[in-house]
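Trainee: Please read through the structure below; I'll follow up with questions.
The values are calculated or read from the model by the stated rules, or taken from the named source; none is laboratory data. Not measured: the values here are computed from a predicted model. In this analysis, Cβ positions are derived from the backbone assuming ideal geometry, glycine residues included, and neighbour counts consider all displayed protein chains. Accessible surface is based on the protein model in full, side chains and every heavy atom, while ligands, DNA and RNA are left aside. Shrake-Rupley method; radii C 1.70, N 1.55, O 1.52, S 1.80 Å.
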Amino acid sequence: MSKELPQTIHSRAWVMQAWTSLAISLSAMTIGIIYLPVNGWI
């Protein structure tokens, strides 16, 4: 017997929250790397 797996449908709110959190985290990481208290050669 073959069982059909249920399809997961994501809401627009969930998708927007996921993309927004990704953008915020990447921005925070970039700003953190830019302001690291190290010399440029590191």
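Trainee: Enter the accessible area per residue of the chain (Å², integer; probe 1.4 Å; all protein chains in place).
Mentor: I get 109 Å² per residue for this part.
Trainee: Now a separate question. Could you state the angle between the C-alpha long axis of helix 12-34 and the longest principal axis of the C-alpha atoms of the chain, as a value from 0 to 90 degrees rounded to the nearest 10?
Mentor: The angle comes out near 20 degrees.
Trainee: Now for a different question. Across 10 Å bins from the origin, how do the percents of Cα pairs in the chain run, short distances first?
Mentor: In order of increasing distance, the bins hold 22, 25, 20, 16, 11, 5, 1 percent.
Trainee: Give me the distance in nm between label points sitting 7 Å out from Cα along the Cα-to-Cβ direction at A28 and W14, one decimal.
Mentor: Inter-label distance under the simple model: 2.3 nm.
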